[in-house]
Amino acid sequence: MKYLVVRIGVLTIIAFGAVSLFGQATAAAPCFNRIGQKEWAILLSDLDPEKRKSLQDDAMRKAQVENMRELLAFACHATKLGVNSEQMNFNELEFIRSETIAGEYDKKRTKVKPGEPFSWITDAQVTAFYKKPANTTAFKRFYETKLTMMRRSAPPGTRVPLTNVDEAPAQDYYARMKIAEAAAATLLTP
């Protein structure tokens, strides 16, 4: 059941992010507020059959539907308030979207032989990724956003110690995530 809640949460983040990325929030902005049969089928597509059986219970199913309504209402309200218009929040939503797409693609690609995330991406691909100056600039934006978000979530008065040593793994992760996201995008192009 936890897996379904995570998938629902991801769908909500993507819905909130889509509104953020593709349009400015206004009081009259339409909200994604309904999950139809098609959307539920997608959400349940790779759910373990045993966990799927638990949704046959009316009370459990109603609780999940109500939980989804609450998540969508929260995302809609946040959008109407303009939470996504702050640059750091906008950036973070964009990165969450990228991580979600890249992570799902990675899971599908490594289904037969699971291992480290993005292990199919070579060091040579990472090096080639950073030969484009725009990718280096994008990484800096990603890294600064993550640092800012960590500082915001830290208890007051706490210093978030990060050094250049911490930047190298983040740089590697970012490149692999973006390479995987680009590979996933090729599946969607006609």
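Simple spin-label estimate for Arg151 and Val83 gives 2.2 nm between the two label positions (7 Å along the Cα-to-Cβ direction from each Cα).
When the charge dipole of the stretch 55-190 is built from unit charges on Cβ atoms (+1 for Lys and Arg, -1 for Asp and Glu) and taken about the Cα centre, the candidate among Ala128, Phe74, Pro156 whose Cα reaches farthest toward its positive end is Ala128. Here the contact order of the stretch 54-176, divided by its residue count and restricted to Cα pairs under 8 Å and six or more residues apart, works out to 24 percent.
Surface composition of the stretch 84-151: carbon and sulfur atoms hold 59% of the protein heavy-atom accessible area at a 1.4 Å probe.
The candidates Glu104, Glu92, arranged from most to least accessible area with a 1.4 Å probe in the full protein assembly, appear as Glu104, Glu92. Accessible surface calculations at 1.4 Å, restricted to protein heavy atoms, place the stretch 64-190 at 63 Å² per residue.
The values are calculated or read from the model by the stated rules, or taken from the named source; none is laboratory data. Given the structure is predicted, the values throughout are model-derived calculations rather than measurements. All Cβ positions, even for glycine, are placed from backbone atoms using ideal geometry, and neighbour counts span all protein chains on display. Ligands, DNA and RNA are excluded from the accessible area calculation, which covers all protein heavy atoms including side chains. Shrake-Rupley method; radii C 1.70, N 1.55, O 1.52, S 1.80 Å.
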